[in-house]
Amino acid sequence: MDELRPTPANSSPLTPLGFLDRAATVYGDCPSVIYNDTTYTWSQTHRRCLRVACSISSLGIRRGHVVSVLSPNIPAMYELHFAVPMSGAVLNTINTRLDTRTVSLLLRHSQSKLLFVDHTLSSLVLDAVSLFPPNTPTPLLILIADDAPPASPLRSSSRFYATYDEMVQRGNPEFSWALPENEWDPMTLNYTSGTTSSPKGVVHCHRGLFVAAVNSLVDWAVPKQPVYLWTLPMFHGNGWSYPYGIAAVGGTNVCLRKFDAQVIYALIKRHAVTHMCGAPVVLNMLTSMPIYKPLENPVHILVGGAPPPASVLFQTESLGFVVTHAYGLTETAGTAVICAWKPKWNRLPATETARLKSRQGVRAVAMTRVDVVDPNTGAPVKRDGLSPGEVVLRGGCLMLGYLKDPKGTSKCMKHGWFYTGDVAVMHPDGYMEIKDRSKDVIISGGENVSSVEVESVLYAHAAVSEAAVVARPDEFWGETPCAFVSLKAEIERRPTENEIIEYCRGKLPHYMVPKTVVFKDELPKTSTGKIQKFLLREMAKALVFTRQSRM
Ligand code: ADP
């Protein structure tokens with residue numbers, strides 16, 4: 001068979017963008033996107049995306065240029081997931097909870113050429129752009145006005161170009177979109193950190209996102225035409241690739257700007273929602289709603305982004321939700337490991353199934369291998385449910401690497417594996433369970449907080465001698481940042497806990513600000529002078545539980 005070779009017929013580049021015109025052909029007159037009282041069909045969504053892609057490319061945006069978006073989960077945000085890469089550009093969605101300085105840093109790092117901005121975020125963007133050093137090119141600005149009054153400060157900026165609606169109107173719906181030349185061409189860029197340390201921009205290619213999107217449908221068993229409620233921010237790792245996955249199955253995307261339990265329950269009822277994703281904090285919202293009426297139909301929830309406690313899984317399922325537990329990272333474009341369900345487990349008591357479900361599970365179908373290894377030797381740990389090791393992954397959904405950071409990329413991509421920095425055990429049945437994180441990350445309400453970044457802000461405070469930030473368990477958020485601080489001897493007045501918190505508020509995005517500050521004469525250290533964070537984690541756990549303020 002040596003003469004058999006790939007031909008142009010069987011090796012055209014894989015890309016999830018092709019799901020859109022297929023959806024327009026198959027599901028053309030079916031709902032694609034619903035938002036308040038607006039409903040689009042797949043045929044309309046297809047044409048709108050082509051129009052926007054055309055308008056983007058008419059601005060001189062070329063292959064490989066970065067186009068950024070700052071927006072909540074509204075129709076424009078969904079459409080831009082197709083329109084931007086269809087113009088050939090790389091889509092960079094930015095976390096809307098970040099502060100001015102970080103947004104500015106990320107826009108500069110990515111050399112973004114064009115920025116789509118939801119009207120509620122206009123001031124954030126104008127302030128971010130004003131922080132660019134003189135003579136640095138700034139992105140052109142497009143205002144997503146939605147249904148807001150026409151006056152927006154963005155319109156008076158010299159960089160303002162048009163509104164999103166004008167981009168839709170001006171573009172040609174017959175635009176022939178830019179198929180990638182190669183399936184390894186970059187398609188998306190997502191930052192996982194970067195407030196004070198060097199930005200970590202995860203780049204995925206068309207092929208990786210194709211694999212991730214198909215993968216996102218298989219183990220969760222997403223059927224044709226689901227009604228998908230967008231409770232997971234699309235800026236989180238491109239909504240775990242569901243913008244593409246839902247197009248592949250011709251589903252309905254129910255969009256929403258902001259949500260709480262009441263909004264979620266109302267939308268589930270109004271649109272007969274069948275599927276939704278979210279971090280465990282979304283499950284907490286649903287179970288803490290006091291006036292709850294039983295669901296009329298089961299709603300499938302994919303939970304991930306942080307460990308969901310068994311008790312939360314149990315409570316959520318007892319309300320009529322069917323929960324599937326997945327584990328992934330921005331670097332895997334969504335689910336890499338999933339608690340694939342065995343029918344025989346259905347015969348077990350609910351508390352036992354919840355315990356089994358809180359384990360992260362086995363490799364998702366698109367992953368070639370997943371293992372838990374000794375980080376020093378690379379040898380797999382014993383399958384005894386006790387021996388800890390680092391989770392390593394290999395497979396088609398893994399990122400190309402970090403933008404402009406070969407050192408960072410080779411640090412986690414080595415010996416044929418992606419090293420996740422998560423600590424797990426492997427059970428005898430081949431299901432893994434995450435126990436801890438070796439990387440210094442706190443996950444609060446599904447948002448990653450780099451403790452190093454918070455520490456560097458604390459260290460810049462005039463009265464602070466030493467600072468270490470660890471996770472404090474929290475009933476609602478999962479974890480919140482807790483700062484341990486020692487003060488300089490020579491200061492005139494000791495700052496209070498509130499003053500330190502206020503100081504951090506001025507310098508960090510809201511969700512990264514420590515909710516607790518503990519003063520210590522000295523932080524515990526090893527003989528080599530390293531702060532012993534595990535001791536601080538224990539202390540944070542032991543702090544008397546007080547309901548911490550909600551963000
Ligand atoms: P995401 O958008 O999924 O939160 P991030 O890249 O922001 O992706 O965060 C990835 C990290 O979140 C993982 O390295 C891990 O520490 C944590 N995480 C994700 N899913 C789970 C899970 N199911 N259980 C425990 N931790 C998880």
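When the solvent-accessible area of the chain is split by element, carbon and sulfur atoms take up 54 percent of it, the probe being 1.4 Å. Amide H contacts under 5 Å for Ser32: Tyr40, Thr41, Trp42, restricted to partners 5 or more places along the chain or on a different chain, H placed in the peptide plane at 1.01 Å from N.
Among beta bridges from DSSP that stay inside region 207-438, the antiparallel ones total about 65%. Amide H contacts under 5 Å for Ala333: none, restricted to partners 5 or more places along the chain or on a different chain, H placed in the peptide plane at 1.01 Å from N. Can you tally the net charge around Asp219? Count Lys and Arg as +1, Asp and Glu as -1, for every other residue whose Cβ sits under 14 Å from the Cβ of Asp219. In short, +3. Sequentially through region 397-414, phi angles give Karplus couplings (6.51, -1.76, 1.60; θ = phi - 60°) of 8, 6, 4, 6, x, 8, 4, 6, 9, x, 5, x, 5, 6, 5, 9, 9, 8 Hz, Gly and Pro residues having no value and appearing as x.
Positive contributions from Lys and Arg (+1) and negative ones from Asp and Glu (-1), summed over other residues with Cβ under 12 Å from the Cβ of Asp146, come out at -2. Rolling a 1.4 Å probe over the protein heavy atoms gives the chain an accessible area of 43 Å² per residue.
Per residue of the chain, the DSSP helices (runs of n ≥ 4 H) give a summed -39500 (n - 2.57) that works out to -8500 deg cm²/dmol at 222 nm. Taken one residue at a time, the phi angles of region 472-483 give Karplus couplings (6.51, -1.76, 1.60, θ = phi - 60°) of 10, x, 9, 4, 8, 7, x, 9, 9, x, 10, 9 Hz. Gly and Pro are set to x. Inter-part distance, region 331-409 to region 246-309, computed on C-alpha centroids, equals 25 Å. Count the net charge of all other residues whose Cβ sits under 11 Å from the Cβ of Asp371, scoring Lys and Arg as +1 and Asp and Glu as -1. With Lys, Arg at +1 and Asp, Glu at -1, the net is +2. Among beta bridges from DSSP that stay inside the chain, the antiparallel ones total about 60%. Only lysines eight or more places from Lys224 in sequence, or on another chain, were considered; those with a Cα closer than 29 Å are Lys258, Lys269, Lys293, Lys342, Lys344, Lys357.
Computed from backbone phi with θ = phi - 60° and the Karplus coefficients 6.51, -1.76 and 1.60, the 3J(HN,Hα) list for region 443-455 is 10, 10, x, x, 8, 7, 10, 7, 5, 4, 5, 5, 4 Hz; x is used for glycine and proline.
The values are calculated or read from the model by the stated rules, or taken from the named source; none is laboratory data. Remember, predicted model here, so these are calculated numbers, not experimental data. All Cβ positions, even for glycine, are placed from backbone atoms using ideal geometry, and neighbour counts span all protein chains on display. To get the accessible areas, we keep the full protein, side chains included, count just its heavy atoms, and leave off ligands, DNA and RNA. Shrake-Rupley method; radii C 1.70, N 1.55, O 1.52, S 1.80 Å.
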